[in-house]
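The values are calculated or read from the model by the stated rules, or taken from the named source; none is laboratory data. Nothing here was measured: the structure is a model prediction, and the numbers come from that model. All Cβ positions, even for glycine, are placed from backbone atoms using ideal geometry, and neighbour counts span all protein chains on display. Side chains included, ligands, DNA and RNA excluded: accessible areas come from the protein's heavy atoms. Shrake-Rupley method; radii C 1.70, N 1.55, O 1.52, S 1.80 Å.
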Amino acid sequence: MAELFDQAVFLKFLAALLAIFNPLYGIPIFLSMTAGYSKPDRFRTALVVTASATIIALIAVVVGEDLLAIFGIDVPSFRIAGGFIIFGIGMAMLNAKAPSPGDQAASEEGHARDRNIAVVPLTLPLTIGPGTIATTIVFSHQVPNGAEIVTLGSAVLIACAIVGLGLIFADTISRVLGQTMMSVLTRVMAIILVAVSVEMIMTGAFNAIDAHYPGLLSGKPAG
């Protein structure tokens with residue numbers, strides 16, 4: 001069992017997922033988009049978002065690295081690209097005073113259409129976007145084959161459950177915490193996200209250099 005579960009990777013991946021998902025950031029959007037919904041309808045919407053996010057994240061865990069192979073992209077390159085994406089998300093969260101214009105537009109468009117908004121845009125792209133998929137693929141490369149489901153899948157289930165609980169109790173959380181506390185917690189999540197992105201970029205760069213110029217960083221000639 002120890003070979004199938006890497007606690008260090010699990011904890012880092014869970015922290016990264018929670019920072020990217022940022023349930024507190026999504027609560028005002030969710031409340032806005034479900035304004036006028038009955039409590040049962042809002043509850044069902046929250047469940048669909050949770051289930052959809054879980055399924056998409058687990059798919060990324062299982063087949064994400066295979067998709068890279070199909071397109072001929074190596075993991076170090078994807079790690080660097082993903083790090084920049086996540087860095088941008090983190091900085092936007094850190095500097096944002098309100099939901100981004102893109103989020104607001106998606107909210108207004110989804111509400112105006114009066115459609116089932118649980119999958120699009122609440123799940124994609126507001127909950128799961130390129131940053132989530134990039135992070136999942138990068139972390140899946142850090143555990144042995146066969147360990148992705150146990151190590152990363154466990155983190156996905158926990159993170160998505162937290163997101164689901166945040167949406168289900170969105171109205172209560174919003175009233176209890178208030179806008180100021182939600183803003184503070186969002187920025188804490190943003191700092192975590194930026195730190196994860198920097199580590200991804202640095203690790204990817206070292207791995208890429210080592211792959212193309214063996215022994216350069218260690219000072220040893222290639223064997």
Solvent-accessible heavy-atom area per residue, rounded to whole Å², over segment 121-207 at 1.4 Å: 44 Å²
So, over other residues within a Cβ distance under 13 Å of residue 142, counting Lys, Arg +1 and Asp, Glu -1, the net charge is -2
Segment 137-207: C-alpha gyration tensor shape, a/c 1.5 cut-off, then a/b vs b/c: oblate
Given the options 180, 127, 151, which has the most mean-square fluctuation in a GNM of the chain, springs set between C-alpha atoms less than 10 angstrom apart? 180
Between residue 66 and residue 165, what is the label-point separation in nm under the 7 Å Cα-to-beta-carbon projection? 3.3 nm
So, with points 7 Å from each Cα along the Cβ direction, the residue 158-residue 11 label distance in nm works out to 1.0 nm
Subtract the Cα-Cα distance of residue 38 and residue 149 from 0.36 nm times their separation in residues, and report this length gain in nm to one decimal. 36.3 nm
Counting Lys and Arg as +1 and Asp and Glu as -1 over every other residue whose Cβ sits under 13 Å from the Cβ of residue 64, the net charge comes to -2
At R0 = 35 Å the Cβ-Cβ FRET efficiency linking residue 174 and residue 198, nearest 0.05, sits at 0.65
With Kirkwood's inverse mean 1/r over C-alpha pairs for Rh, give me the Rg to Rh ratio of segment 32-83, two decimals please. 1.26
